[in-house]
Amino acid sequence: MIGCDCEVCTSADTKDKRLRSSILVESATTSIVIDTTPDFRYQMLRANVKKLDAVLFTHPHKDHIAGLDDVRAFNYFQQKPMELYANSLTEEAIKREFAYAFSDKKYPGIPNLNLNTIDEKPFVVGDIPVTPILVWHLKMPVLGFRFGRFTYITDANRIDEEEKEKIKGSDTLVLNALRKEAHISHFTLDEAIALTKESGVADGYFTHISHQLGRHQIISAELPAGIHLAYDSLALIFE
Ligand SMILES: [Zn+2]
Ligand SMILES: [Zn+2]
Ligand SMILES: [Zn+2]
């Protein structure tokens, strides 16, 4: 956090250096990013991503959409629009906050975006089947996404019972866990642990971690078996 001298912000452990939450999902032929954070450009450079087929959006908060302009590098190399998948709430925010990309008179070099409206119904991107999961961020609907045996959910503090069913059968669940203290719109560490156990997954990874949670090494040692703190550049491979 800017200006913070806490033990996490001053830690030398690279696992305490947390950019905003996003993941890259890749198959042999298809590459998808979930959310374009304010750190999107650096995240793409760091992971040396050469090709991107689509962006899936969870919700319209700034820390999940602000980096969208930088997909224009992919437009340039791929010579086609970037396919965006978002619910109508997020779509409205994207059109408002990146209005220049949707105007009739387009300035050269601006991002070329193609919006695909999604809801809770499954869809396919390239060869990757995607099942959206509706979760709640206080009163805002947010989409989690399941890809085969892997489920990614961020920015939630409540999930309806019927949507929880969609997580079941996953091997791995990524879930947001902000800090230990209660928060109005994010799961706490204990809430995330309880939901991970309830889901019956073999492995849980926590993301969207605040500096207020504490140091990676210390908190990791407190977690039950099969539950881990995620960290930047963590890669999971599913055969
Ligand atoms: Zn701090
Ligand atoms: Zn949010
Ligand atoms: Zn967020």
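The values are calculated or read from the model by the stated rules, or taken from the named source; none is laboratory data. Here the structure is a predicted model, which means the values were calculated and not measured. All Cβ positions, even for glycine, are placed from backbone atoms using ideal geometry, and neighbour counts span all protein chains on display. For accessibility, only protein heavy atoms count, side chains too; no ligands or nucleic acids. Shrake-Rupley method; radii C 1.70, N 1.55, O 1.52, S 1.80 Å.
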Original post:
Using θ = phi - 60° and the Karplus curve 6.51 cos²θ - 1.76 cosθ + 1.60, what whole-Hz ³J(HN,Hα) does each residue of the range 224-239 get, with Gly and Pro shown as x?
Top reply: x, 4, x, 10, 9, 7, 6, 8, 4, 6, 4, 10, 10, 10, 10, 6
**OP:** Please find the FRET efficiency linking Met140 to Ala221, where r is the Cβ-Cβ separation and R0 is fixed at 35 Å, and quote it to the nearest 0.05.
**Re:** 0.55
Original post:
In the chain, with Lys and Arg counted as +1 and Asp and Glu as -1 at Cβ, which of these residues, Gly109, Val33, His61, has the Cα nearest the positive end of the dipole, that is, farthest along it?
Top reply: Gly109
Subject >> For the range 58-197, the fraction of alpha-carbon pairs in successive 10 Å shells from zero, as % >> reply: 11, 36, 32, 17, 4, 0
**OP:** Mind giving me the nanometre distance, one decimal, between the label points for Thr30 and Cys4, set 7 Å out from Cα along Cα→Cβ?
**Re:** 3.6
Subject >> Principal axis box of the range 5-131, alpha-carbon based, largest edge first, Å >> reply: 48, 33, 30
Original post:
Could the peptides 85-94, 120-129 be put in order, highest first, of the mean number of other beta-carbon atoms found within 10 Å of their residues?
Top reply: 85-94, 120-129
Original post:
Which FRET efficiency value, to the nearest 0.05, do you get for Lys15 and Arg149 by plugging their Cβ-Cβ distance into 1/(1 + (r/R0)^6) with R0 = 22 Å?
Top reply: 0.30
Original post:
Once Rh is set to the Kirkwood radius over Cα pairs, what Stokes-Einstein translational diffusion coefficient, in µm²/s, holds for the range 44-84 at a temperature of 20 °C and a viscosity of 1.002 mPa s?
Top reply: 193
Subject >> Length gained when the stretch Arg72-Ala99 is fully extended (0.36 nm per residue, less Cα-Cα span) >> reply: 8.2 nm
Original post:
Which cross-chain or sequence-distant (5 or more) residues have an amide H under 5 Å from the amide H of Ile133, H modelled 1.01 Å from N in plane?
Top reply: Gly144, Phe145, Arg146
Original post:
Residue separation times 0.36 nm, minus the C-alpha to C-alpha distance between Arg158 and Asn48: what's the value?
Top reply: 36.1 nm
**OP:** Past 24 Å, Cα to Cα, is the threshold; run Lys17/Lys164; Lys51/Lys166; Lys17/Lys139; Lys50/Lys168; Lys121/Lys164; Lys80/Lys106 against it and keep the listed order.
**Re:** Lys17/Lys164; Lys51/Lys166; Lys17/Lys139; Lys50/Lys168
**OP:** Could you please put Tyr205, Tyr76 in sequence from largest to smallest accessible area, using a 1.4 Å probe?
**Re:** Tyr76, Tyr205
Subject >> Unit charges on C-beta of K, R, D, E only; dipole of the chain, Debye >> reply: 620
Subject >> 3J(HN,Hα) from dihedral phi, the range 206-217, Karplus parametrisation 6.51/-1.76/1.60, rounded to Hz, x for glycine, proline >> reply: 9, 10, 6, 8, 7, 4, 6, 5, x, 6, 3, 5
**OP:** Describe numerically, in nm with one decimal, the distance between label points set 7 Å from Cα along Cα→Cβ at Ala182 and at Glu165.
**Re:** 3.1
Original post:
Thinking of the chain as a set of Cα atoms, what percent of all their pairs are more than 23 Å apart?
Top reply: 49
Original post:
Taking Rh as the Kirkwood radius, which is the inverse of the mean 1/r over Cα pairs, what is the Rg/Rh value for the range 157-239?
Top reply: 0.95
